Amino acid sequence: DSGVTQTPKHLITATGQRVTLRCSPRSGDLSVYWYQQSLDQGLQFLIQYYNGEERAKGNILERFSAQQFPDLHSELNLSSLELGDSALYFCASSAGFGANVLTFGAGSRLTVL
Amino acid sequence: GQQVMQIPQYQHVQEGEDFTTYCNSSTTLSNIQWYKQRPGGHPVFLIQLVKSGEVKKQKRLTFQFGEAKKNSSLHITATQTTDVGTYFCAEPRGKLIFGQGTELSVKP
């Protein structure tokens, strides 16, 4: 158990739908990062939040959005889902807002049919 | 897109053989990190290299940071089946940017 909690572990939905992935960072960590890992793909950085504020943005689609709440948990919202959005979505946390060492959660596997 | 290039993409070895993966960046790095992702698992931090020419060892794993701080390597001596997984280097650019990873398979 890394201390980073992600729910749900698995999610199957249809094209056009909207889903929300949830992440609770490790205790004491203020930064949350979201990464997407597709089949045979590396880890694509999506977005980072630090203490409730957006800090960095990567290749995140406009159909995707995220936020970090006062209790530091984060949610990644994926809307108008397409087949190509099927992937493993990882949340990671770190203590600071720079490129510190990341602790990853177990991931949420999204399948869009 | 990715800032750090990692090769090879795949490596199949016989148990007991050595394995090396390389990362190259177009720019000088402040530091580089290495992670391992077991099949079906999540990335787990292995090590961070900061100094030019730095060499660090973890049992059979040897990590090197180039003199110019533009490249790094991970070498595993006498691979075991427990070494199976994908090894990623990661470059800090405000956020952490990961290489494409090298998937290691070990035949017993």
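The values are calculated or read from the model by the stated rules, or taken from the named source; none is laboratory data. Note that the coordinates shown come from a computational prediction; the quantities given were computed from them, not determined experimentally. Note: ideal-geometry Cβ built from the backbone for every residue, glycine included; neighbour counts use all protein chains shown. Accessible surface areas use protein heavy atoms only, side chains included; no ligands, DNA or RNA. Shrake-Rupley method; radii C 1.70, N 1.55, O 1.52, S 1.80 Å.
For segment B:1-100, the extents of the C-alpha atoms along the principal axes are 36, 27, 20 Å, listed from largest to smallest. Once the gyration tensor of the Cα atoms in the protein assembly as shown is diagonalised, the equivalent ellipsoid follows with semi-axes of 30, 20, 15 Å, ordered largest first.
Computed with a 1.4 Å probe over protein heavy atoms only, the accessible surface of segment A:4-107 comes to 45 Å² per residue. In terms of accessible area, using a 1.4 Å probe and ignoring ligands and nucleic acids, A:His10, B:His42 rank largest first as A:His10, B:His42.
With a sphere of radius 13 Å drawn around the Cβ of A:Ser94, what net charge do the other residues whose Cβ falls strictly inside it have (Lys, Arg +1; Asp, Glu -1)? The answer is +2. Volume per residue of the convex hull around the Cα atoms, evaluated for segment A:1-90, comes out as 97 Å³. Of the whole protein surface, B:Tyr22 contributes about 110 Å² of accessible area at a 1.4 Å probe radius. Within 10 Å of the Cβ of each residue in B:91-101, the mean number of Cβ atoms contributed by other protein chains is 6. Between A:Gln17, A:Gln67, A:Gln44, where does the largest GNM mean-square fluctuation fall for chain A, given springs only between Cα atoms within less than 10 Å? Greatest mean-square fluctuation among the candidates belongs to A:Gln17. Its Cα centre serving as origin, segment B:29-108 has a Cβ charge dipole (Lys and Arg +1, Asp and Glu -1) of approximately 140 debye.
Accessible area of A:Glu53, 1.4 Å probe, to the nearest 10 Å²? Surface accessible to solvent at A:Glu53 totals approximately 120 Å². A simple spin-label model places the labels of B:Thr82 and A:Phe69 4.0 nm from each other, with each point 7 Å out along Cα-to-Cβ. For the protein assembly as shown, the residue among B:Ile47, A:Leu78, A:Leu102 whose Cα projects farthest onto the positive side of the dipole built from Cβ charges is B:Ile47. In straight Cα distance, which lysines are under 17 Å from B:Lys69, not counting same-chain residues fewer than 8 positions off? Result set, ordered by chain and number: B:Lys51, B:Lys56.
In this structure A:Thr20 has an accessible area near 60 Å², from a 1.4 Å probe over the protein heavy atoms. Model label sites at A:Asn77 and A:Asn51, defined 7 Å from Cα along the beta-carbon direction, differ in position by 2.5 nm.
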